[in-house]
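Here is the structure we will look at, set down as structure tokens.
The values are calculated or read from the model by the stated rules, or taken from the named source; none is laboratory data. Since the structure is predicted, the reported quantities are computational estimates derived from the model, not experimental observations. Using ideal geometry, Cβ is built from the backbone for each residue, glycine included, and neighbour counts are taken over all protein chains shown.
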């Protein structure tokens, strides 16, 4: 869980800081610059956590069962359920924007294919149908 300081900012200061972050991120249009920025801003664990959230949303939108997502991404069933409830409650407008940006990108197609391949392998392996292998 992310650590939040007990010393709270005033609401206006918090809003201004978030707007500054949003502005910086919006101005970065190069993948290498974004990778460098995110590597400086976030720990490896935080980046993995965010990447898993995105993967959960993609797999949910593809109709993958929650148990398969949980096993594939090595997250708890509760995490997948929480993400699905979040999507139902708040809609997928934020994720929809991200997915829309990637819709025509080769990387999203490759990412989806990898996730589906890993999910299929995990299901077969869990059932004892395949020998362990590196994908």
**Prompt:** Can you tell me which residues in segment 23-54 are part of a loop (DSSP other than H, G, I, E, B), surrounded by 10 or more Cβ atoms within 10 Å (Cβ to Cβ) and either within 18 Å of the chain's Cα centre (by Cα) or on the phi > 0 side of the Ramachandran plot (or both)?
**Reply:** 42
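On the given criteria, is residue 98 loosely packed, with under 13 Cβ neighbours inside 10 Å and modelled with pLDDT of 75 or more?
Working: loosely packed, with under 13 Cβ neighbours inside 10 Å: no; modelled with pLDDT of 75 or more: yes.
Against the criterion (loosely packed, with under 13 Cβ neighbours inside 10 Å and modelled with pLDDT of 75 or more), residue 98 does not qualify.
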**Request:** Kindly check whether there is at least one residue in segment 3-22 that is in a loop (DSSP other than H, G, I, E, B), within 20 Å of the chain's Cα centre (by Cα) and surrounded by 12 or more Cβ atoms within 10 Å (Cβ to Cβ).
**Result:** no
**Asked** Within the set of pairs 6+ apart or on separate chains, which have a first residue in segment 59-76 that is on the phi > 0 side of the Ramachandran plot, a second that is crowded, with 17+ Cβ neighbours inside 10 Å and assigned to a loop (DSSP other than H, G, I, E, B), and C-beta atoms under 7 Å apart?
**Response** none
**Identity of the residue in segment 57-66, modelled with pLDDT under 90 and part of a helix (DSSP H, G or I), that ends up surrounded by the most Cβ atoms within 10 Å (Cβ to Cβ)** = 59
**Complete:** Among (1) surrounded by 12 or more Cβ atoms within 10 Å (Cβ to Cβ); (2) more than 16 Å from the chain's Cα centre (by Cα); (3) in a loop (DSSP other than H, G, I, E, B), residue 75 falls short only on (2)
